[in-house]
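A quick write-up on the structure given underneath.
Bear in mind that the values in this text are calculations on the coordinates, not laboratory data. From a predicted model like this one, the values you see are computed outputs, not experimental measurements. A quick note on method: Cβ atoms are made from the backbone with ideal geometry, for glycine too, and the neighbour counts reach across all protein chains shown.
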Amino acid sequence: MGQLTELQIKAANPRGNEYLLSDGEGLYLRVRPNGKVWIYRYKQAGKQAKLSLGAYPVVGLALARKKAREEGEKRAGGIDPRESRRDQAERDRAAKLNTFELMARAWHAQAQKDREWSLNYAEKVMRHLELHIFPWLGSLTMEAIKPTELVRCLHRIKERGNLETAQRVREVVQHAFQYAVDVGALEPAKNFVNSRTGGLPPPRARHYPAITDPGKLGQLLRDIRGYNGHVITRAALQLSPMLFQRPGQLRLADWEDIDFEKALWRCPPEKMKLREWMKRDIRTPAHVVPLPTQAIDILRDIFPLTGPAGPIFKSMAKRSEASRYMSDNTLNSALRTLGYDTREQITGHGFRATARTLIRELLGWDRDVIERHLAHVSDEELGGSYDRATFLAQRREMVQLWANLLDDLAEEKSVTPWIELRGLTPKPRHEPLGGPAEAPRLAA
């Protein structure tokens with residue numbers, strides 16, 4: 001190699017037919033009527049083969065020699081340069097179809113089908129990707145993404161104060177990378193995403209502000225009774241502390257979930273705070289909430305307004321469809337209208353902590369019974385020998401006593417009689433109950 005000079009190359013004028021100028025060691029300059037091209041010629045399996053190395057002068061003499069040496073090294077290593085180039089072209093084509101965004105969307109579509117995600121949950125997952133990942137990593141191939149690039153995305157979310165979102169986004173990215181491995185688009189050794197990626201601290205437990213002082217709770221209950229907003233919103237406000245279920249669970253309640261005859265509210269799994277696969281698993285039971293007489297009265301009052309089917313707490317927005325549920329911000333907005341700071345004093349979710357605290361302190365009920373009513377405790381945690389029907393009866397007695405206590409607090413009655421009554425109720429946790437107990441009402 002080294003037979004040609006720049007002067008010779010420039011002086012090589014086109015002829016009637018193309019011709020070759022050798023530089024040695026397989027490198028040739030092909031001179032055509034329409035230009036000059038570098039080629040690498042070699043024999044493979046006894047047959048003549050050639051490979052284009054680029055047009056002159058875009059590829060100069062020095063670069064052409066470098067490329068020819070690289071192809072010669074491949075041959076020395078037993079690699080056919082043409083096969084190598086075809087393989088690289090295939091990898092390049094695959095890379096264009098192997099961007100993180102395309103792979104993540106493919107995983108999302110498959111997961112939505114396999115795990116039977118709800119539409120809202122599927123949209124939430126995709127929104128995380130579109131907001132936090134695609135703008136920075138979406139156009140990169142899976143192999144090209146560096147750990148530091150993903151870490152920057154996660155820290156960008158965390159620094160905005162959204163640690164929980166950063167954790168969820170990392171989990172979604174982890175699923176997308178594993179999907180790429182599963183379909184053969186990424187080598188397993190190149191999947192670097194795991195539960196430690198980003199060094200994110202575990203999310204802090206969320207504590208919702210709650211009122212646990214009986215006197216202050218009584219004032220709030222009186223304020224709720226005097227709420228002059230929509231009657232549907234007032235009903236939801238009244239039921240929130242009385243039933244102490246999750247706000248999302250309450251606002252998504254349908255009339256079909258209510259059994260007036262048995263005074264029960266059966267909340268199906270898809271409306272509960274559960275993992276998506278549990279929501280879709282036919283073995284997951286409904287969460288049964290016994291209703292005190294006060295709750296039945298409230299529901300009967302609004303039945304003519306939103307019954308007999310569909311959402312109990314329909315949205316009051318003018319443009320809302322008849323089947324649309326109350327907004328998830330309605331209760332907190334109403335509390336703010338009443339003058340309460342939902343960041344420091346009370347939220348719709350905070351009523352759960354209110355009930356948990358005061359039912360134990362003033363009524364003396366066992367923690368497991370309360371937690372079961374909050375849908376915090378599984379049957380396995382309570383023990384397989386525990387009678388679920390008896391447990392429901394206990395919870396029915398508990399919520400009726402609680403509703404009675406709330407009435408007394410709203411009417412500014414003393415809590416002393418309730419504290420004195422602690423030795424009488426509830427009945428021992430494992431004592432058989434013949435049915436719902438008659439809740440004692442204290443005299444005024």
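Remark: segment 40-46, residue by residue, has Karplus-estimated 3J(HN,Hα) of 10, 10, 7, 10, 10, 6, x Hz, where x stands for each Gly or Pro and the curve is 6.51 cos²θ - 1.76 cosθ + 1.60 at θ = phi - 60°. Segment ARG69..VAL231, full-extension length gain: 49.9 nm, with 0.36 nm per residue of separation and the alpha-carbon distance subtracted. Distance between the pseudo-spin-label points of LEU21 and SER333 (7 Å out from Cα toward the beta carbon): 7.9 nm. Cβ-Cβ distance of ARG343 and ASP301, R₀ of 30 Å, FRET efficiency by 1/(1 + (r/R0)^6): the value works out to about 0.45. Annotation: amide H of HIS230 has no partner in the under-5 Å range at sequence separation 5 or more or interchain, hydrogens built in the peptide plane. Dipole orientation for segment 1-158: of the candidates HIS128, SER22, SER139, SER22 has the Cα lying most toward the positive pole (charges on Cβ; Lys, Arg +1; Asp, Glu -1). Peptide packing: for 194-201, 49-56, 245-252, the average count of neighbouring Cβ atoms within 10 Å per residue gives the ranking 245-252, 49-56, 194-201, highest mean first. Distant-in-sequence amide contacts of ASP254, defined by a placed amide H-H separation under 5 Å and a gap of 5 or more residues or a different chain, comprise ILE312.
Helix-derived [θ] at 222 nm for the chain: sum -39500 (n - 2.57) over DSSP H runs of at least 4, divide by residue count, nearest 500? So the calculated ellipticity at 222 nm is -14000 deg cm²/dmol. With contacts taken as Cα pairs under 8 Å at a separation of at least 6 residues, segment 6-90 carries a relative contact order of 18 percent. Could you compute the longest span of the chain free of GluC sites (Glu not before Pro) located in DSSP loops and having at most 16 other Cβ atoms within 10 Å, not counting the site residues? Here the longest segment lacking exposed loop sites spans 144-260.
In this structure the amide hydrogen of LEU264, modeled in the peptide plane, comes within under 5 Å of the amide hydrogens of ASP259, LEU291, none closer than 5 places in sequence on its chain.
Quick one: Cα centre-to-centre distance for segment 138-193 and segment 285-308, in angstrom? The two parts, judged by their Cα centres, are 45 Å apart.
Average 1/r across all pairs of distinct alpha carbons in segment 158-247, invert it, and you get the Kirkwood radius: 17.6 Å. Applying a threshold of 21 Å to the alpha-carbon distances of LYS124/LYS158; LYS10/LYS66; LYS43/LYS67; LYS50/LYS74; LYS216/LYS413; LYS113/LYS190 flags LYS113/LYS190 as lying beyond it. Shape annotation for segment 214-423: C-alpha extents along the principal axes are 50, 46, 34 Å, from largest to smallest. About its Cα centre, segment 100-199 has a charge dipole of approximately 320 debye under the convention of +1 per Lys or Arg Cβ and -1 per Asp or Glu Cβ, with nothing else charged.
Under Stokes-Einstein, with the Kirkwood radius over Cα pairs as Rh, the value for segment 100-199 at 20 °C and 1.002 mPa s is 157 µm²/s. The alpha-carbon atoms of the chain, seen along their principal axes, cover 116, 50, 39 angstrom, with the largest extent given first. Per the Debye calculation on segment 1-114 with a single equal scatterer at every Cα and no solvent contribution, log₁₀ I(q)/I(0) for q = 0.12, 0.15 Å⁻¹ amounts to -0.56, -0.73.
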